[in-house]
Amino acid sequence: MPTHKVLIVDDEFAIRDMLKMALEIADFDCLEAETILDAHRLIVDERPDIVLLDWMLPGGSGLELLRRLKRNETTRNLPVIMLTAKTAEDNVIQGLDVGADDYMTKPFAPRELIARIKALLRRSKGGEERDKLQVKDLLLDTESRRIFLADRPVDMGPTEFNLLQFFMSHPERAYTRNQLLDHVWGANVYVEERTVDVHIRRLRKALQTEFADYSDLIQTVRGTGYRFSARGFEDR
C-alpha cells in the first residue's frame, strides 16, 4: 500500500509517465499536473506529501507556483524538489532562495531522485532526540515540530527546522558544510555545498522577528563552516 503521495508537475507526458512508473515501483502514490493551476488545485484538494516541480510550465513558471506555496501558511512547509533543464548556477540558487528544498537538473537518474525524495521526507518528519530544546526564549519542540521565539510561533521550512534541531542538539562545535550535509541531508544523498549556505541564510532570517532576534546563534566559522553557540547570548 503506498505510504506517501507525490505530485508530479511537468508539461511533458513522457517525463510524467517515466516518473510515475519509477515512483509506483518504489511504493509511492502519484498525482499528475501539467500546469500550475492544475498543480495548485491538486495541492489544495489532495494534500500531497511532496511536490516534484518543473520550472517551465504552461500558464506560468514553476517558480511562480513555488512562491505562492511559500506565501501560504497551509502550504509553506510542503517539501518541493525542482526538476528542470535549467543548469546555470544562478537558476539553482534562485530556486533554492525562493523555497525549494532540493534541485535536480534534467536528465537525472530516477533512482537518485527517489533517494532524495525519501531523504527529504525523513527530514520533514525529523529525527527526535529530545522532546524539547531551548536556548533562553527560543524553544524547539521536536514532537510537534514547532518553533517558538519569545512565546510566539516561528514559521520555518522542514530543512531549516532540521538544521536548527541538529545545531541545538550539538552546540558549540564547528561543522563543515560537508558534515552538515551528511548529518542533516543524509550521507547517501548528493546535495551541493552551496545548498547549505542558502538554508543557513533562510534559517537566520526565520530567527529574526519583530519580537526577538536570535539569528546570531548561527555563527559563520571562517575557513570551516558554521557553529551554533549561545555563549554570551544568555546574558543579554
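The rule of thumb for compact globular proteins, 2.2 N^0.38 Å, goes into the C-alpha radius of gyration of region 132-228 1.03 times.
In this structure, residue 201 and residue 17 have a Cβ-Cβ separation that, at R0 = 41 Å, corresponds to a calculated FRET efficiency of about 0.65. Put simply, when 8-18, 96-106 are sorted by average Cβ atoms within 10 angstrom per residue, most first, you get 96-106, 8-18.
Counting every other Cβ atom within 10 Å of each residue's Cβ, 144, 215, 229 order from fewest to most as 144, 215, 229.
In this Cβ point-charge picture (+1 for Lys and Arg, -1 for Asp and Glu), the chain has a dipole of about 600 debye about its Cα centre. Pair-distance distribution of region 4-125: all C-alpha pairs, bin width 10 Å, starting at 0; shares per bin in whole percent are 13, 52, 33, 2. Within region 157-201, find all residues whose amide N lies under 12 Å from a label point positioned 7 Å from the Cα of residue 108 along Cα-to-beta-carbon. Only 190-192 fall inside the zone, counting backbone N under 12 Å.
Farthest towards the positive end of the charge dipole of the chain, among the residues 96, 13, 33, is the Cα of 96, using unit charges on the Cβ of Lys, Arg, Asp and Glu.
When every Cα-Cα distance of region 28-78 is counted in 5 angstrom steps from zero, the calculated P(r) takes the values 4, 21, 36, 27, 12, 1 percent. Extension gain for the segment residue 143 to residue 3, taken as residue separation times 0.36 nm less the Cα-Cα distance, is 48.3 nm to one decimal.
Restricting the calculation to alpha carbons of region 3-51 gives Rg and Dmax of 10.1, 28 angstrom.
Given the Cα-Cα distance of residue 211 and residue 68 and 0.36 nm per residue of separation, how much length would full extension add, in nm?
Details: separation 143, 0.36 × 143 = 51.48 nm, distance 2.58 nm.
Gain on stretching residue 211 to residue 68: 48.9 nm.
Along its principal axes, region 62-191 has C-alpha extents of 46, 32, 23 angstrom, given from the largest down.
For the chain, the equivalent ellipsoid derived from the Cα gyration tensor has semi-axes of 32, 18, 17 Å, listed largest first.
Values quoted throughout were computed directly from the atomic coordinates according to the rules given, and no laboratory measurement underlies them. What you see is a predicted model; the values in this text were computed from it and never measured. Ideal geometry is used to build each Cβ from the backbone, glycine not excepted, and the neighbour counts take in all protein chains shown.
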